[in-house]
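To start, the structure under review is shown below, and the notes come after it.
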Amino acid sequence: RTVYVNGVFCPETEAVVSIFDRGFLFADGVYEVTGVLDGKLIDFSGHMARLRRSLAELELREPAQEDKLLSIHRQLVEKNDLVEGMIYMQVTRGAADRDFLFPADDTKPSLVLFTQSASLRDKPAAKTGLRVVTVPDLRWARRDIKTVQLLYPSMAKMEAKRRGVDDAWMVEDGCVTEGSSNNAYIVDAGGTLITRPLNHAILHGITRKAVLRLAAESGLAVEERPFTVEEAKVAREAFITSASSFVLPVVEIDGTTIGDGRPGEIATRLREIYIDEAL
Ligand code: PDD
């Protein structure tokens, strides 16, 4: 694979980042994952808008202008013949002597990108649905910033695996915040789509934004409010969204079957129209 590191494209085995990089020592960095379908980037400008917001919240410098970042993304797709999968981009505060204080302003941010080939369109889970368990949300309180501190979500996903299911839904004050790496939704008995509102409690998903727009365009009632685990268990449908999973149905929560245990109609339809629009 060809990767990009601080201004150069090189084989992944030759890419080097300093051990003093603050991403490595402090998780002092942010990232984006952009989906690629038929060699095309999905909602690139949305991901860049969120990146700028994450950078600003952490007083991190922008590593390059959007057109330059777009060109790097496109070149990586081409160099790796990427047809379907993801591009990962990470910006950290760069290398500086270890100190809790941010280094001087002239420290150069590190910029790293790589591709991951994956089947996004034909996912078995789209037909079978995902099973999830709930875990307490023990992350920090600024989940709206897409930082590289992913240890707790990683532990949550390991816990899900240990319990024999696909993913974990994180819970705070009795309500679901989000999945380990995706936004969470339910459809209630009356057919209303419910998902958490945008604030510091969750990541402002780029796929979430697109899917809520598609839902509204399809005439679905949408309510942005927290929902409890109990509500989720008696919901007609449940699903998740992310750049790498698009829309995937959830058919079981903590051992309770959702609906009839098969992927819901609304989740399935939203997945189809999301993919149609991305193509
Ligand atoms: N994760 N919530 C969390 C905690 C996430 O990590 C993600 C994305 C999302 C969905 O956001 P978007 O629709 O913009 O992908 C929600 C990415 C895919 C990842 O870490 O791999």
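Laboratory data are not the source of any read-out in this text; all were calculated from the coordinates shown. These numbers were taken from a predicted model, which means no experiment stands behind them. All Cβ positions, even for glycine, are placed from backbone atoms using ideal geometry, and neighbour counts span all protein chains on display.
Could you list which residues have their amide H under 5 Å from that of SER110, counting only those 5 or more apart in sequence or on another chain, with H placed in the peptide plane?
THR92, ARG93, GLY94
Of MET48, MET155, MET89, which is the most mobile in a GNM of the chain whose springs link Cα atoms less than 10 angstrom apart?
Comparing MET48, MET155, MET89 in a Gaussian network model of the chain, the most mobile one is MET155.
Helix-only mean residue ellipticity at 222 nm, the chain, DSSP H runs n ≥ 4 weighted -39,500 (n - 2.57), per residue, nearest 500. What is it?
-8500 deg cm²/dmol
Using +1 on the beta carbon of Lys and Arg, -1 on that of Asp and Glu, and nothing else charged, what's the dipole of the stretch 124-278 about the Cα centre, debye to 20?
Computed charge dipole of the stretch 124-278: roughly 480 debye.
With angles folded into 0 to 90 degrees, how steeply does helix 66-79 sit against the dominant principal axis of the chain? Use alpha carbons for both and round to 10.
Computed tilt is about 80 degrees.
At most 15 other Cβ atoms within 10 Å and a DSSP loop assignment: could you name the trypsin sites (Lys or Arg not before Pro) in the stretch 160-210 that fit?
Those satisfying the criteria are ARG163.
Sort the stretch 126-279 into rounded, prolate or oblate with this rule: let a ≥ b ≥ c be the square roots of the eigenvalues of the Cα gyration tensor; rounded if a/c is under 1.5, and if a/c is not under 1.5, prolate when a/b is larger than b/c, oblate otherwise.
Rounded.
Treating only the Cβ atoms of Lys and Arg (+1) and Asp and Glu (-1) as charged, compute the dipole magnitude of the chain about its Cα centre; round to the nearest 20 debye.
So the magnitude is around 260 debye.
How high is the relative contact order of the chain? Use alpha-carbon pairs under 8 Å, at least six apart in sequence, and give a whole percent.
Result for the chain is 18 percent.
Rounded to the nearest 20 Debye, what is the dipole magnitude of the stretch 205-279 about its Cα centre when Lys and Arg each give +1 and Asp and Glu each give -1 at the C-beta?
160 debye
What does the extension gain come out to for LEU37 and THR228, with contour length at 0.36 nm per residue minus their alpha carbon separation?
65.3 nm
Within the stretch 230-245, which residues have the backbone N less than 11 Å from the label spot 7 Å out from ALA189 along Cα→beta-carbon, could you tell me?
Residues 234-236 fall inside that zone.
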